[in-house]
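Visitor: The structure's right below; bear with me while I get my questions together.
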Amino acid sequence: MLKGFGNFLLKELKELIRDPKILLGMVIVPLIMFPILGAIMNFAMEAAQETAAKVTVLVVDHDAGDNSTEFINYLKKYSINIPETSFSSINEAIGKLAYYNATGVIEIPEDFSQRISARENVTIKVYSLFSSTGLFEGAGVSIIESLVEQFNRDVAPDLVIPEKSVIVKGQVAEGVDPRTLSSLMLSQAIAMPITIMILLSYSMQIAATSVAMEKEEKTLETLLTLPMDRFAILMGKLSGSIIVAAIGAVAYMVGFNYYMSSFMATIPIGANVDLVSLGLVPSLLGYLLLGLSLFVTLLSALALAVIVSAFAEDVRGAQAIVGNIYPLIFIPSLLLMYLDVNALPTALRIFIYAIPFSHPIIAAKAVTMGDNLTAALGVVYVAAFTIVIMYIASRLFATEKILTAKLKFRGLGRRRKAVVEEIS
Amino acid sequence: METRDVVKVFGVIHALDGLTFHVNHGEIFGLIGPNGAGKTTALRVISTLLLPTSGTVKVFDLDVVNNADEVRRIITYLPEEAGAYRNLSGWEYLQFMANFNTKNKRDAQEMVREAAEITGLGERLRDKTKTYSKGMKRRLLVARALMTKPKLAVLDEPTSGLDVLHAYHVREIIKRYVKEHGVTVLLSSHNMLEVEHLCDRVALLNKGKIVAEGKPQELKEAYKSANLEEVFAKVVGLA
């Protein structure tokens, strides 16, 4: 046994465990955060699965014969909701997708009944609406596919062949497998939540550490007595953190891109899908909105980090306090990595929208789908939040609170003692 | 500089309890007292860091609450046990501080040159401050506080924690600078013997109040004491 080890370890544990910030950040928050995160994920997955299971499709029945009717009834029997079958063209059905809240269109050719009766192969077209990048995107088309297989087994042995296509932004993209497209988009959609998690947590640590360092080294006291604008101190802290975080983010994105491309190259089917021709890349305005969303979110996170770190007395305390904000970054990032915000139950959706750190992720998905309005509204919301936070931060720097603010965990008696120490 | 009936309350504690004293132009004035007497709080209020709960503080006729920006232009403040930016060199630190006080590059360079001379650190100024000893760092910070030739330099425990030689060097810097440039210095210390040698006048602070004030020699004579330590003990009733 190492001489003195036990005694030293005991001291170390007392020091760490008695620090309320460490206890809160390292023990209590994970104990609360992960069960909550698990419950939310579970709840969200179940809700999304439930939504995905309720498949509504429209049918363009060019045949309108006995066999096509039998096929439609077969689908209905297995809880596929088919509200209308009387469309004359695929474009007419596409126009009604939003009205019926449908996720796809099945087009039955006019010789369907004739070919089934003659025991000949017949191709039906299954168009899947691509509207988001959730994990269950394309679940509807999978259900239809398996029902067609079942129909082939039960009624028409291997006669019906489904030909899959996608509908992107109201246009049919022939021959594009919805699941290939979905997984390709999903792999891209993962990048933003991961970026947000790393960029925000990293830059918040930088900002909090830099404020705490000024307090710990007492350089802040000197700064506050200099002939300079106190708002300039705040802006300097924020700008410095943004620049360092941006460099970090670029390095991260380059590395992550390499990582993604290293295994994306092994998925040849993905290469057949040209996202540009499908219109699944953001417009210039979309990119601008995305950049703006990322910027205001970063600014709000940094300002928040500066505020909370003002309550710490040293670097360790600041990092522990900032750690308490991480659940608000991780929950939306992990949730929106696999699920579309619209697939979430209403209460959870409101919660996610209320968290400012969700918005760059929502914006990334929205601008890809051409929905610039959602991204713009997100920017407005986060900008308003940022203004409020910046105002609080600037007030904090303008007053003595920046020096005297402290988290009070102690009892009254011990607090008196702490105040005496402070004024000496 | 003068304070009048200054009260500063933290929660239930009266850190300053009717503090009244004045410092004459061009003198070195020492606030002395034990730990917890309120010295740091008094200096922080005078330096515009803390707002007084009541009372007034004027620095060259400028109110520290209503004219805080103007006050900051004519004072410098050196906190107790302050650090410098660890990854800046001594030169860079002085340059950084000088740039807040003048927009003229030549003036800034002159300030830095003068500060460099005051520090006596020579080539070591090119090294990062994290490599400095406590004494070297303190010399750098004292030089920073004096290089702008402030009307009032507020120095909190300027020699605290320094060895005899470094403390001597710092005291010499302060004395010389006041003589050469007519700077008014307000400093705090719990080392009463040191203050006796350095200050023109002193005020003894206890529990947020001035309990005695005057020239060290006058105080010693008035209380029939050999040094200020004894004076303090007699004033607060310990001896």
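We did not get these values from a lab; they are worked out from the coordinates using the rules stated. Values in this document were obtained by computation on a predicted structure and should not be read as measured data. No Cβ is skipped: glycine too gets one built from the backbone with ideal geometry, and neighbour counts run over all protein chains shown.
Visitor: So what's the angle, to the nearest 10 degrees on a 0 to 90 scale, between helix B:164-181 and the longest Cα principal axis of chain B?
Guide: Once rounded, the angle reads 90 degrees.
Visitor: I need the phi-derived Karplus couplings for segment A:389-399: 6.51 cos²θ - 1.76 cosθ + 1.60, θ = phi - 60°, integer Hz, Gly and Pro marked x.
Guide: 5, 5, 5, 4, 4, 5, 5, 4, 6, 7, 10
Visitor: How far apart, in nm, are two points set 7 Å out from the Cα along the Cα-to-Cβ line at residue A:314 and at residue A:155?
Guide: If labels sit at residue A:314 and residue A:155, their model points lie 7.5 nm apart.
Visitor: While we're here: What longest region of chain A stays clear of GluC sites (Glu not before Pro) that DSSP places outside H, G, I, E and B and that have at most 11 other Cβ atoms within 10 Å?
Guide: It runs A:175-424.
Visitor: So how far apart, in nm, are the two label points at residue A:23 and residue A:39 if each is 7 Å from Cα heading toward Cβ?
Guide: Between residue A:23 and residue A:39, the label points sit 2.3 nm apart.
Visitor: How far, in degrees from 0 to 90, does helix A:230-264 lean away from the longest principal axis of the Cα atoms of chain A, to the nearest 10?
Guide: 40
Visitor: For the pair residue A:380 and residue A:69, what calculated FRET efficiency results from E = 1/(1 + (r/R0)^6), where r is the Cβ-Cβ distance and R0 = 41 Å, to the nearest 0.05?
Guide: After rounding to 0.05, the efficiency reads 0.20.
Visitor: Describe numerically, in nm with one decimal, the distance between label points set 7 Å from Cα along Cα→Cβ at residue B:197 and at residue B:25.
Guide: 3.1
Visitor: Hey, what do the phi angles of segment A:305-312 turn into as Karplus ³J(HN,Hα) couplings, whole Hz, using 6.51/-1.76/1.60 and θ = phi - 60°, x for Gly and Pro?
Guide: Those phi angles translate into 4, 5, 4, 5, 6, 5, 8, 9 Hz.
Visitor: Starting from the Cα of residue A:77, draw a straight line to each of the lysines and keep only those under 28 Å, dropping any in the same chain fewer than 8 residues away.
Guide: A:54, A:96, A:125, A:164
Visitor: Hey, what do the phi angles of segment A:70-76 turn into as Karplus ³J(HN,Hα) couplings, whole Hz, using 6.51/-1.76/1.60 and θ = phi - 60°, x for Gly and Pro?
Guide: 4, 4, 5, 5, 4, 5, 4
Visitor: What does the average come to when, for each residue of peptide B:48-57, you count the partner chain Cβ atoms lying within 10 Å of its Cβ?
Guide: The shielding value for this peptide is 2.
Visitor: How much length is gained if the chain between residue B:56 and residue B:180 is pulled fully straight, taking 0.36 nm per residue apart and subtracting their Cα-Cα distance, in nm to one decimal?
Guide: Once the chain is fully extended between residue B:56 and residue B:180, it gains 41.6 nm.
Visitor: Partner chain Cβ atoms within 10 Å, averaged over the residues of A:222-233 - can you pull that number for me?
Guide: Counting other chains' Cβ atoms within 10 Å and averaging over A:222-233 gives 6.
Visitor: Now, a different point. In nm, what is the difference between 0.36 nm times the number of residues separating residue A:354 and residue A:86 and their Cα-Cα distance?
Guide: Stretched fully, the residue A:354-residue A:86 segment lengthens by 92.2 nm.
Visitor: Please enumerate, by chain and number, the aspartates and glutamates with C-alpha under 16 Å from the C-alpha of residue B:105, excluding those fewer than 8 residues away in the same chain.
Guide: Straight-line reach from residue B:105, under 16 Å: B:92, B:114.
Visitor: Search the structure for amide H atoms under 5 Å from the amide H of residue B:205, placed 1.01 Å from N in the peptide plane, and list their residues when 5 or more places away or on another chain.
Guide: It is B:32, B:33, B:211, by chain and number.
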